[in-house]
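See below for the structure under consideration.
Since every read-out is calculated from the coordinates, none of them should be taken as a lab result. Predicted, not measured: the structure shown is a model, and the values here were computed from it. A quick note on method: Cβ atoms are made from the backbone with ideal geometry, for glycine too, and the neighbour counts reach across all protein chains shown.
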Amino acid sequence: MNKLFPLLAFAAFALVACSEDKPAPSHSELCAQKTLTKECLVGRWYLEKVVRGESDSPDPNCNPDPKGRDLRLKANGEFSFEGGKWNIESNGTWKLNETGTSIEIECKSGDCTEGFDRGVNADIKIYGSAELRISANGYASFSQCKLSGTTKLTEVFGWQGAN
């Protein structure tokens, strides 16, 4: 029994040590994967600007109102947005495709039901873990700015946090 006790004590210690909770991955770690994931996108994003294509210059026709620029993507697939050129409020659902290259947005209530009642399928990219770009032809997906023709508008968001 004396020889068995140290072995049992070690086994109990090993079991407790291995079962400790690991800390949740950081936002940077979630966004460092090759494929963009839903877990990386969930949280609060700030609309910095709307640009044409991949440029860095804000489009003068779609400058966001400084009052509100808040996009919240929730883990349950819902979103809320306040901001854009006309300081709109909207709610709906979102879904990332399997390859992490596009986002499907469906407006359910708010300003987006007026003239933007169709679903949106937009390209999506993340740079580092702090800059999110969502692009669609002819319109900005959440802020609802629309230009004639097929000019690609890109909304540029900055990471604000998990809540």
Exercise for the section: Might you report the magnitude of the Cβ-based charge dipole of the range 46-161 about its Cα centre, with Lys and Arg at +1 and Asp and Glu at -1, to the nearest 20 debye? Expected result: 80
Handout entry: Additional length obtainable on full extension of the chain from Asn121 to Lys34, 0.36 nm per residue less Cα span
Key = 29.2 nm
Exercise for the section: For the range 46-161, restrict the atom set to alpha-carbon positions and state the Rg and Dmax in Å. Expected result: 12.7, 35
Practice task
Quick one: of Lys38/Lys95; Lys74/Lys108; Lys95/Lys146, which pairs are farther than 18 Å apart, Cα to Cα?
Solution key: Lys95/Lys146
Exercise for the section: For Thr151 and Trp86, compute 0.36 nm times the residue count separating them, minus their Cα-Cα distance, and round to one decimal in nm. Expected result: 21.4 nm
Exercise for the section: Sticking with the crude label model, points 7 Å out along Cα→Cβ, report the distance from Asn137 to Asp70 in nm, one decimal please. Expected result: 3.5
Exercise for the section: Return the distance in nm (one decimal) between the two label points of a simple spin-label model at Gln160 and Lys95, each offset 7 Å from Cα along Cα→Cβ. Expected result: 2.7
